[in-house]
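The values are calculated or read from the model by the stated rules, or taken from the named source; none is laboratory data. Since we're looking at a predicted model, the values are computed, not measured. Glycine also receives a Cβ, built like all others from the backbone with ideal geometry; neighbour counts cover every protein chain displayed. Heavy atoms of the whole protein, side chains included, go into the accessibility calculation; ligands, DNA and RNA do not. Shrake-Rupley method; radii C 1.70, N 1.55, O 1.52, S 1.80 Å.
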Amino acid sequence: MKKHNGMRPHDVIVLVKIALKKDNSWMMKDLANELAISSSEISESLTRSVYAGLLSSDKKKIMKSALLEFLEHGIKYVYPQHPGALVRGLPTAYSALPLSNEIESNEIIVWPFADGNIRGHSIEPLHPNVPLACMKDQELYEILASIDALRIGKARERQLAIQVLKIRL
């Protein structure tokens, strides 16, 4: 077995995408295509997630309580972000659904994205192709935006985001 050098940010995206598939079967090439991540990176991601205890050894079942625990208590420390420069992009965190229905803010948070139509303060997504993948999958978009609220949000935003994640994952 390859040496485990820790989780990578896009491992979270892969796990979320698998969780959203529920009990439907999937193949690595489909995940690679849907997430715009190479097949080899998907394979390595699955191996890291098994090692970390976030995915079953057959690589088919998400350990949901472990994933939720990591998201709630760890993601803001492991993959922190702070809003940066004003750029054109795709809204995320509390600036995107479903949290934008609950939270009013003058500050718009976006992932930098050339095809985006909103200007806001940028944060880096967990993978450079996240905006592209989210344009194809609204449910994935809303989950990843909620995860960004955990990465940058204050207590109220974090509390609302974890409620969303517990229901949807």
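What to note about this one:
- Accessible surface of the chain, 1.4 Å probe, proportion on carbon and sulfur as whole %: 50 percent
- From its DSSP helices (H runs of at least four residues, each -39,500 (n - 2.57)), the chain gives a residue-normalised ellipticity at 222 nm of -15000 deg cm²/dmol.
- Per residue, the range 1-126 exposes 55 Å² of accessible surface when a 1.4 Å probe is rolled over the protein heavy atoms with every protein chain present.
- Here the simple spin-label model places points 7 Å from the Cα toward Cβ, and for N101 and T47 these points are separated by 4.2 nm.
- Using θ = phi - 60° and Karplus 6.51 cos²θ - 1.76 cosθ + 1.60, couplings along the range 36-41 (whole Hz; Gly, Pro as x): 6, 10, 4, 4, 5, 5
- Close amide H partners of V110, meaning residues 5 or more places away or on another chain with modelled amide H under 5 Å apart, are T92, H121, S122, I123.
- Under the simplified labelling scheme, the K154-H73 pair shows an inter-label distance of 2.5 nm, with each label point 7 Å from Cα along Cα→Cβ.
- Cα gyration tensor category, rounded, prolate or oblate, for the range 80-169 with a/c compared to 1.5: oblate
- Cα shape, the range 23-118, gyration tensor, a/c 1.5 rule: prolate
- Extending 7 Å from the Cα toward the beta-carbon at both K22 and S65 defines two label points whose distance is 2.3 nm.
- Debye log10 I(q)/I(0) at q = 0.15, 0.20 Å⁻¹ for the chain, Cα point scatterers: -0.79, -1.38
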